[in-house]
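What follows is a short report on a single structure.
The values are calculated or read from the model by the stated rules, or taken from the named source; none is laboratory data. What you are looking at is a predicted structure, and each value in this text was computed from that prediction instead of being measured. Cβ placement follows ideal geometry from the backbone for every residue including glycine, while neighbour counts extend to all protein chains displayed. Ligands, DNA and RNA are excluded from the accessible area calculation, which covers all protein heavy atoms including side chains. Shrake-Rupley method; radii C 1.70, N 1.55, O 1.52, S 1.80 Å.
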Amino acid sequence: MLALRCGLRAVIGRIRARNVRGGRGEVESLSLLLIAARLRIDPAPSAPSVQLPLAMAKRPNGNGEGQEENGLQVKRVKGAEGGGDEEEQNKRTPKRKIVLLMAYSGKGYHGMQRNLGSSQFKTIEDDLVSALVQSGCIPENHGEDMKKMSFQRCARTDKGVSAAGQIVSLKVRLIDDILEKINKHLPSHIRILGLKRVTGGFNSKNKCDARTYAYMLPTFAFAHKDHDVQEEAYRLSKETLDKVNRLLACYKGTHNFHNFTSQKGPKDPSARRYIMEMYCGEPFVREGIEFAVIKVKGQSFMMHQIRKMIGLVIAIVKGYAPESIIERSWGEEKVDVPKAPGLGLVLERVHFEKYNRRFGNDGLHEPLEWEEEEEKIAVFKEKHIYPTIINTEREEKSMMSWLSTLSIHDFNSSTTEMEADNNNSKGVDAEGSDGCNDDSD
């Protein structure tokens, strides 16, 4: 009892001292300690319960803290509400501009670009945005209005077209284990393979210097119509491969590709495109069928341009069209150019060379190169892209069916029925299977 009395005297001394230095709120707080101590000294059965004065009641201040009316704040204890803590932490995480390296198999999707209000046509971006919201990277309202997160895709791939190196730029919350959490909410045929921070004003479409596409096709597409076997047993000879590559090399440079798309006239300046390289690799056999991959790198591509470039070379190699038709197609006359099937087209890689030179080594940002992800890209293609192309070709025989239509094309026609004034770029091109319209909205 004596010790308790000494303790009370010490408390009273503190009250008097703080009454000089502090405010009334601190005195009241210490008074509560004094009351509690007195109750412990004389715990009479009839002692009335002590209630806090109304002025001392805590009220939430809107910041997750309790605030007393006298100005003192008491933080809530974290973890009392269970799973809400992680969500609350995500909301407080600042948003940063990043790029995501994507790979996907396009079968079953109506292209890359999201079509709000058209739920019957599922796109790659529908699944991506859903995963971003569920993982806590973006708030739900950003998923409904993608401009709020500054979302931009590098290339718009069309229905059924796959990608091994698509790039999208956006603002997200950089949560812990972000790639793992996003991929957790994506189907296995869509993967986020890499992430890098970029400058605040970065736009994946506008900053892109070039795109590389690959086109995987069965080599019997190059079998000559008169003296080669027209079936899966065909094997590409070195002589024929050399001829294919000689013809593909003709596309290099800047040319007027108005005959390789739609709604472009010969005098439309936007029909001029720059091709950096185009070649066919060595053939390989999968499930009894020999395939080859054509790669083309260009600044940008128009609707159906790549498929028509490949279709015309196939028509020449098979003996349906003369070699001179390539150069003639760049003139003003209308030329009948066949369009190869969409199956097999893959967005292989996008290039940011100017951005890398300016910001890649500034000490703050990384160059947008993906050497460390090459193995993951190769694994994804072997697991999801190539099998889809091979199996679909075996089941649907899209190339074989298309080859049977080449005979109805008139490759010798030199008609000039196109009226340039009427066909010169009226409005925006439709989206094409070449990931096309890379340069327009």
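Distance between the 7 Å Cα→Cβ label points at residue 246 and residue 364: 5.3 nm.
Surface composition of segment 94-165: carbon and sulfur make up 42 percent of the accessible area, probe 1.4 Å. A simple spin-label model places the labels of residue 383 and residue 121 3.1 nm from each other, with each point 7 Å out along Cα-to-Cβ.
Hey, for a label at residue 209 modelled as a point 7 Å past Cα toward Cβ, could you say which residues of segment 269-296 have their backbone N under 12 Å away? Backbone N within reach: none found. Ordering 379-390, 340-351, 310-321 by mean Cβ neighbour count within 10 Å, with the highest value first, yields 340-351, 310-321, 379-390. Just the protein heavy atoms count here, and of the accessible area of segment 211-367 at 1.4 Å, carbon and sulfur take up 47 percent.
Packing, as the average of other Cβ atoms within 10 Å across residues, places the peptides 276-283, 253-260 in the order 253-260, 276-283, highest first. Shape annotation for segment 287-426: C-alpha extents along the principal axes are 58, 45, 27 Å, from largest to smallest.
Each label point was placed 7 Å from the Cα along the Cα-to-Cβ direction; for residue 197 and residue 372 their separation is 1.4 nm.
Quick check: from the Cα gyration tensor, does segment 139-206 come out rounded (a/c under 1.5), prolate or oblate? Rounded shape, in that the Cα axes give a/c under 1.5.
Pairs exceeding a 25 Å alpha-carbon distance, out of 238/295; 334/354; 243/267; 196/381: 334/354; 243/267. Taking amide H as placed 1.01 Å from N in the peptide plane, residue 155 has its amide H under 5 Å from the amide H of 167, each at least 5 places away in sequence or on another chain. On full extension, the segment bounded by residue 235 and residue 353 gains 38.7 nm, given 0.36 nm per residue less the C-alpha separation. Accessible area per residue for segment 262-361, computed on protein heavy atoms with a 1.4 Å probe, is 39 Å². A Förster radius of 51 Å, combined with the Cβ-Cβ distance separating residue 327 from residue 286, puts the computed FRET efficiency at roughly 0.90.
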